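Computed from the coordinates by the stated procedures, all read-outs in this text should not be read as laboratory data. Computed from a prediction, not measured in an experiment: that's the story for all the values here. No Cβ is skipped: glycine too gets one built from the backbone with ideal geometry, and neighbour counts run over all protein chains shown.
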Amino acid sequence: MSTENRDRDAANLPARGATPPAEAQVSDSGHTLHHDVLQREKAEFGGFKFGSAFFGWLTATGTAVLLTALVAATGTWVGASTGTAPEEAAETATRNAGTASILGAVLLGIVLLVSYFAGGYVAGRMARFSGAKQGIAVWIWAIAIAVVVAIVTAVAGSQWDLLGNLDSFPRIPVDPEAATTTGILTAIGAAVVALIGAILGGLAGMRYHRKIDRVGLGR
């Protein structure tokens, strides 16, 4: 490269410390402004939103009822399609009690995970910010209502065991028959699965708003 060409290229390069083009200034300024706006909105409207979480809990409960009915209907259909009589099915279930228990636990976990993911997603979408906290709030609603129902059931009788009829959340054992080691461990495990699903759903619901924010910023 000749000396003349090198001098021409050096002349075209911006000087060190020179002001960047106007387009870059506008882009950086817009990004900073948008970030500041989001931070102020989060400071004002972030945190736990138990109103939104209540509707998330209703969604989780409804989803659990539908999925439980679907699982039951699928089991009935499989039994009918194989021509298995109820007596034979009962004998088979008795012989394979261990396998049936494991399968039931897996199905319960899937139902709870999907149901509380849906509930957390609704709460996260409604609240816009703090998705993980909205998922936890949905789970807190479930625990609180389970405790209230357990107390009412212990005082007024099993006819008030609403969660037993809905199968929407593991019931808290309130009698000697239910308060076994297996029952307690099942309730704890199901509660953990529901918590994980609710948090993941809350984060997914909040992420939807972040996509809208990025489109508004033009990025």
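Sorting 50-61, 183-194 by average packing, meaning the other beta carbons within 10 Å per residue, from highest down gives 50-61, 183-194.
In this label model, residue 73 and residue 106 are separated by 2.3 nm, measuring between points 7 Å along each Cα→Cβ vector. Protection proxy ranking for 195-207, 103-115, using the average of other Cβ atoms within 10 Å per residue and placing the highest first: 195-207, 103-115.
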